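The values are calculated or read from the model by the stated rules, or taken from the named source; none is laboratory data. Source: prediction; values computed, not measured. Neighbour counts are summed over all protein chains in view; Cβ atoms, including those assigned to glycine, are modelled from backbone coordinates with ideal geometry.
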Amino acid sequence: MTGSRNDRVPRTGSLQAGSLQTGSGQLGAHPLTRLRGVGPQLAARLERLGIREPRDLLFHLPLRYQDRTRITPVGALRPGSDAVVVARVELADIRFGKRRSLLVQVSDDTGLLTLRFFHFSKQQQNAFVRGHWITCYGEARPGPATIEMVHPEYRISEQQPEMPGEASLTPVYPATEGVGPGTIRRLVSETLEKDLETVTDALPEPLRRELSLVDTREAISYLHHPPSDANVAALSEGIHPMQRRLALEELTAHHLALHQIRQRREGLGAPALGTHSSSWERLQPLLGFSLTSAQERVVNEIVADLSRSRPSLRLVQGDVGSGKTVVAAAGALHAIDSGYQAALMAPTELLAEQHRNNFSTWFEKIGIRIEWLAGRMGAAARRASLESIAGGEAAMVVGTHALFQEGVEFHRLGLVIVDELHRFGVGQRLALRGKGEASGAVPHQLIMSATPIPRSLAMIFYADLDISSIDELPPGRKPVTTVVMPDARREEIMQRIHGVCLQGQQVYWVCPLIEESENLQAQAATETRDLLAEQLPDIAVGLVHGRMKAREKDQVMQAFRAGEYHLLVATTVIEVGVDVPNASLMVIENAERLGLAQLHQLRGRVGRGAEQANCVLIYKPPLGRQARERLALLRESNDGFVIAQKDLEQRGPGDLLGTRQTGLQQMRIADLARDRDLLPRVESLSRKLRQDFPEAVDPLVDRWISEREIYANV
Ligand code: ADP
Ligand code: MG
């Protein structure tokens, strides 16, 4: 029913060239070359779309649809709209104007239309025989003499075509260079005809019946060739039941894949660490505060993980300032007291140094030295550091990604702590885990994140790990009060800064990225510093940006922490983790350009001390609707979970998590933001499959996840 329709798809000139390609069945034939007109070159291009064998074409689903089922009389063409026209060829003529072009005049009983081609062959030109019929599809545009179509898709016939309109909506596929839209359509149609029958349903029949799901084949053929009465609006938005049917399957496949990773990991060995740490016992009373009950709970969860002889992987999520660092320290001390090493890796040198300072202050009290490893170190210091890491003298190592580079050998690595994971690629995290394997066991892993993941998302993206939430702030923290102001009120803000500084408190002024360029950012920050220093002559103004050397940055931050600067002008380098309790005012310029999660992170730099903290979000009018909503939400809420949820709705999960973080391959049909409501069904479907139909799991995963290697390594 489906495939034959495609014979009527009007062919473009380029399609003809493509389909004339020879070379099917060349030596070592590529599986795709079994399709008509596919040679090695086209096969290679298709591979770029992730299509390796004909069956992949079936799962290469349309992005949207065109309605070519109705014929529009030429006289009724409206500029700006797409239409199918059937007309007689009147005249084909080459014009030598600014650009050589082929103009073809066609007409029906209602009017005259001009087709314009800038690229054409002699053969193509000759095919426009006066009196022959043309069926063409394109966008109508106003032209100098008549309405025009530029490079329409077309087909020529000697006789008036009998059924010129398409019987089904025309799919528009994700395109790649060198593969025309008609080519993909034709190949998909051919595959539907030849191979659809061989597609078995990945979901067992009893499950499909229970959940009232149509079979995969039906959904696939419907989506490639929706009938002319299909709900185009629903299809275009991706919410048609047939699309949701496949999205459910795809999401389930991802969930199952992550589950398999967990199982694989849990099949490996890890050091079973002691549940009692005397160092941690000694440290607690020296901290100067007692843990919140949320922190206590999470420490217990971590300790329980570490005591098992299989590698744990736990994500500790907690809002900015919830006190994740001390929880990580508790984990590290359990590893150390059991005779293992712990390593903490931070995404920037600045953050790593801050952790070093925190850990040094704490661990000094109990006689444990911190080893340091970062990119920018003198050769001698580096050598010494590497030696003590390899020899095992270094029990606690803090650093940047330099920790997992080649040449770093740990003696007995028992626990890897990764701060603010979203700044790291999955590969980097894996490399560090690999460091422990030399000693025969995989280290435990602890990931700390201040970007909370809404539960629904975590379930899919993090099915391979366990999650702990520090859902309580240390006592006495007052929520940051946030105000939103247009930049015209700068004067007022200056006075406020002045007042805050005179009271002995400190202020951050953040100039977020103007462009994706560190140079420009640094320049903007420098100018702002000069301006502020000039306008506030009795205030000491510091500057930190990404172009400064690590040492310089560190010096400025130390000086700010020590109170030598009242005001610190910074780029978003201070986004994560920087902790200066005496800072009580945060000013963020161009706030309308930043995402919710990032603004919340920045704002979290204040409110760490006893004083009531404030945040001023400065924007440049006019505000778009989304930006207005973002700023309003920040004014109303201090809850990282609420903000993350909204961020998800506004930007989708890719941005929220950073695609690098998840290691998840791009979804083909599902969209986590749009299809959120499917997630509870995904969870139960996945459970049922694992319990009752384990033999169905692998085929389902293989069908949807072509690059299993990504997962295999996570
Ligand atoms: P984050 O979760 O954002 O990484 P930090 O670990 O940097 O937060 O902690 C923020 C600040 O709160 C630090 O100065 C830390 O010493 C302090 N802190 C942590 N836990 C507590 C607590 N239970 N009571 C009081 N202060 C705490
Ligand atoms: Mg932190």
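Across the stretch 471-484, what is the total count of residues that are surrounded by fewer than 16 Cβ atoms within 10 Å (Cβ to Cβ) and under 17 Å from Glu589 (Cβ atoms)?
Qualifying residue count, the stretch 471-484: 1.
Working only within the stretch 140-163, note down all residues that are crowded, with 20+ Cβ neighbours inside 10 Å and not hydroxyl-bearing (Ser, Thr, Tyr).
Scanning the stretch 140-163 gives Ala140, Glu148, Met149, Pro152, Glu153, Arg155.
Exactly one condition in (1) in contact with a strand residue (DSSP E or B) (Cβ under 7 Å, 6 or more places away or on another chain); (2) at pLDDT below 85 is false for Arg45; which is it?
Of (1) in contact with a strand residue (DSSP E or B) (Cβ under 7 Å, 6 or more places away or on another chain); (2) at pLDDT below 85, only one is false for Arg45: (2).
Does Ser290 satisfy the criteria of being assigned to a loop (DSSP other than H, G, I, E, B) and either of a type in the set (Phe, Trp, Tyr) or over 28 Å from Arg687 (Cα atoms) (or both)?
Judged against the criteria, Ser290 is a match.
Given the residues Leu672, Leu689, Leu700, Leu678, which is the only one that is of a type in the set (A, V, I, L, M, F, W, C), farther than 22 Å from Cys615 by Cβ and at pLDDT below 80?
One residue alone meets the criteria, Leu672.
Residue under question is Thr183, and the condition is that it be under 34 Å from the mean Cα position of the chain (by Cα) and at pLDDT below 90; does it hold?
Spelling it out, Thr183 is indeed under 34 Å from the mean Cα position of the chain (by Cα) and at pLDDT below 90.
Name the single residue, out of those in the stretch 628-663 being within 23 Å of the chain's Cα centre (by Cα), at pLDDT 90 or above and among the hydrophobic types (A, V, I, L, M, F, W, C), that is surrounded by the most Cβ atoms within 10 Å (Cβ to Cβ).
Leu634
What's the number of the only condition in (1) touching a helix residue (DSSP H, G or I) at 6+ places or on another chain (Cβ under 6 Å); (2) at pLDDT 90 or above; (3) of a type in the set (Lys, Arg) that Arg376 fails to meet?
Unmet for Arg376, out of (1) touching a helix residue (DSSP H, G or I) at 6+ places or on another chain (Cβ under 6 Å); (2) at pLDDT 90 or above; (3) of a type in the set (Lys, Arg): (2).
For the stretch 429-470, which positions are crowded, with 19+ Cβ neighbours inside 10 Å, modelled with pLDDT under 65 and either under 22 Å from the mean Cα position of the chain (by Cα) or not in a helix (DSSP H, G or I) (or both)?
Answer for the stretch 429-470, where residues must be crowded, with 19+ Cβ neighbours inside 10 Å, modelled with pLDDT under 65 and either under 22 Å from the mean Cα position of the chain (by Cα) or not in a helix (DSSP H, G or I) (or both): just Arg429.
Within the stretch 339-370, work out how many residues are surrounded by 20 or more Cβ atoms within 10 Å (Cβ to Cβ), more than 16 Å from ligand 2 (Cβ to nearest atom) and not hydrophobic (A, V, I, L, M, F, W, C).
Qualifying residue count for the region: 2.
Working only within the stretch 464-473, note down all residues that are away from ligand 1 (no atom under 13 Å from the Cβ) and touching an Asp or Glu at 6+ places or on another chain (Cβ under 9 Å).
Result: Asp466, single match.
Could you list, in sequence order, all residues of the stretch 671-700 that are outside any helix (DSSP H, G or I) and either closer than 12 Å to Ala202 by Cα or among the acidic types (Asp, Glu) (or both)?
Asp671, Asp675, Phe693
Under the condition of being more than 21 Å from the chain's Cα centre (by Cα) and part of a helix (DSSP H, G or I), which residue from the stretch 228-243 is surrounded by the fewest Cβ atoms within 10 Å (Cβ to Cβ)?
Ala233
Tell me which residues, restricted to the stretch 282-297, are touching a residue at least 12 places away in the same chain (Cβ under 8 Å) and within 11 Å of ligand 1 (Cβ to nearest atom).
Answer for the stretch 282-297, where residues must be touching a residue at least 12 places away in the same chain (Cβ under 8 Å) and within 11 Å of ligand 1 (Cβ to nearest atom): Leu287, Phe289, Leu291, Thr292, Ser293, Ala294, Gln295.
Looking at Ala374, Ala395, Ala330, which is the one that is closer than 19 Å to Val316 by Cβ, touching a residue at least 40 places away in the same chain (Cβ under 8 Å) and small (Gly, Ala, Ser)?
After ruling out the rest, the residue left standing is Ala330.
Got a sec? Which of Ser309, Ser279, Ser322 is out of contact with any Ser or Thr (no Cβ under 7 Å at 6 or more places or on another chain), among the hydroxyl-bearing types (Ser, Thr, Tyr), more than 9 Å from ligand 1 (Cβ to nearest atom) and not in a helix (DSSP H, G or I)?
That would be Ser309, the only listed residue that is out of contact with any Ser or Thr (no Cβ under 7 Å at 6 or more places or on another chain), among the hydroxyl-bearing types (Ser, Thr, Tyr), more than 9 Å from ligand 1 (Cβ to nearest atom) and not in a helix (DSSP H, G or I).
Consider Arg561 against the criteria (1) modelled with pLDDT of 85 or more; (2) more than 14 Å from ligand 1 (Cβ to nearest atom): it satisfies all of them except one. Which criterion is unmet?
So the condition that Arg561 fails would be (2).
Tell me which of these Arg314 doesn't satisfy, since it passes every other one: (1) away from ligand 2 (no atom under 14 Å from the Cβ); (2) closer than 11 Å to Leu446 by Cα; (3) buried (at least 24 other Cβ atoms within 10 Å of the Cβ).
Condition not satisfied by Arg314: (3).
Looking at the stretch 578-625, which of its residues are crowded, with 17+ Cβ neighbours inside 10 Å, over 23 Å from Arg529 (Cα atoms) and more than 12 Å from ligand 1 (Cβ to nearest atom)?
Result: Leu596, Ala597, Glu611, Leu623.
If we keep just the residues of the stretch 73-125 that are of a type in the set (Phe, Trp, Tyr) and surrounded by 12 or more Cβ atoms within 10 Å (Cβ to Cβ), which is farthest from Glu139 (Cα to Cα)?
My answer is Phe120.
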